[in-house]
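Every read-out reported here was derived from the displayed coordinates using simple, explicitly stated rules and does not represent laboratory data. Please read these numbers as outputs of a predicted model, since none were measured by experiment. Cβ placement follows ideal geometry from the backbone for every residue including glycine, while neighbour counts extend to all protein chains displayed.
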Amino acid sequence: TARLPGFHVCVGSGGERLLPEWYTDKGISLILSTEIVKADLASKTLMSAAGETFKYQKLIIATGSSVIRLTDFGTEGADAKNIFYLREIDDADELVKAINSKKNGKAVVVGGGYIGLELSAALRINNFDVSMVFPEPWCMPRLFTAGIAAFYEGYYTNKGVNIIKGTVAVGFGSNDNGEVSSQS
C-alpha cells in the first residue's frame, strides 16, 4: 500500500483497504456493475436494468470517473516511462515508488482539479520542485469561483508550487532512457 508523507487524500492511500468484507461488516450492501434505470425518491426505491428493486434509507450516488490520458489528446511524448496517472491504488503505489527514488526532484502536474491540487501538495511536502499546468482560467473551475480559486492558488504559490493556468501541455521531450527530463 502506498505510504508517503502528505499523500493520503487522493486515492485513500495509506488507509484501510475497503474490500467487500469491509462493507459487509459495516452493514453496507455493495452492489457493483449494476445499471440503475429508475429512481423513486419518494418511496426510496431503485430499479435496475435487470428488473431488480432496491430499497434504501440513504442514497449516495458515486459514479466514479475514468482517468484522462494525455495520449487521448495526441500529446507528444505522453508515453514516457515517468508520466504517471492517478486513479487506482496501484497507480498510487507506482507513483510513491517513483517519488521515493527521485528525492528532491522536479515534477509537472497536468491538471488543476482535486487530484492535481492534492498531488501538487504531496509532492511539495516531499521536497519536489512542482509546476502545475491546466487549461482552465483557475483551479477547480467546476467547484470554485474565481475568488475562491485565487485564495487556493495563492496558498499553493506561497508553498512553492508554480501555477501555470490557461495553458495546455502539448508535448514532452524524453531522454535516451525514455523518461521525460527537465531542461534547466
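As a proxy for reagent exposure, ranking Leu59, Leu119, Leu32 by other Cβ atoms within 10 Å from fewest up yields Leu32, Leu59, Leu119. Put in order of Cβ neighbour count within 10 Å, fewest first, the listed residues Trp138, Trp22 become Trp22, Trp138. Along its principal axes, the chain has C-alpha extents of 62, 36, 32 angstrom, given from the largest down. When both region 35-99 and region 157-172 are represented by their alpha-carbon centers, they are found 26 Å apart. Counting neighbouring Cβ atoms within 10 Å and putting the fewest first, the residues Met140, Met132, Met47 line up as Met47, Met140, Met132.
As a length-normalised measure over Cα pairs under 8 Å and 6 or more apart, the relative contact order of the chain settles at 21 percent. Relative to the longest principal axis of the Cα atoms of the chain, the long axis of helix 114-125 makes an angle of roughly 50 degrees. Among the trypsin sites (Lys or Arg not before Pro) found in region 93-152, those both in a DSSP coil and sparsely packed, with 16 or fewer other Cβ atoms within 10 Å of their Cβ, are Lys102, Lys103, Arg142.
Here is the link list: Lys38/Lys58; Lys106/Lys159; Lys97/Lys165; Lys26/Lys55; Lys81/Lys103; Lys106/Lys165. Which ones come out longer than 20 Å on Cα distance? Beyond 20 Å: Lys97/Lys165.
Volume per residue of the convex hull around the Cα atoms, evaluated for region 128-184, comes out as 102 Å³. With the cut-off at under 14 Å, measuring from each backbone N in region 121-136 to a point 7 Å along the Cα-to-Cβ line of Thr157 picks out 132. Note on the chain: with a GNM built from Cα contacts shorter than 10 Å, the maximum mean-square fluctuation among Ser131, Ser120, Ser43 falls on Ser43.
Considering helices alone, the calculated mean residue ellipticity of the chain at 222 nm is -7000 deg cm²/dmol, with DSSP H runs of length four and up weighted by -39500 (n - 2.57) and normalised per residue.
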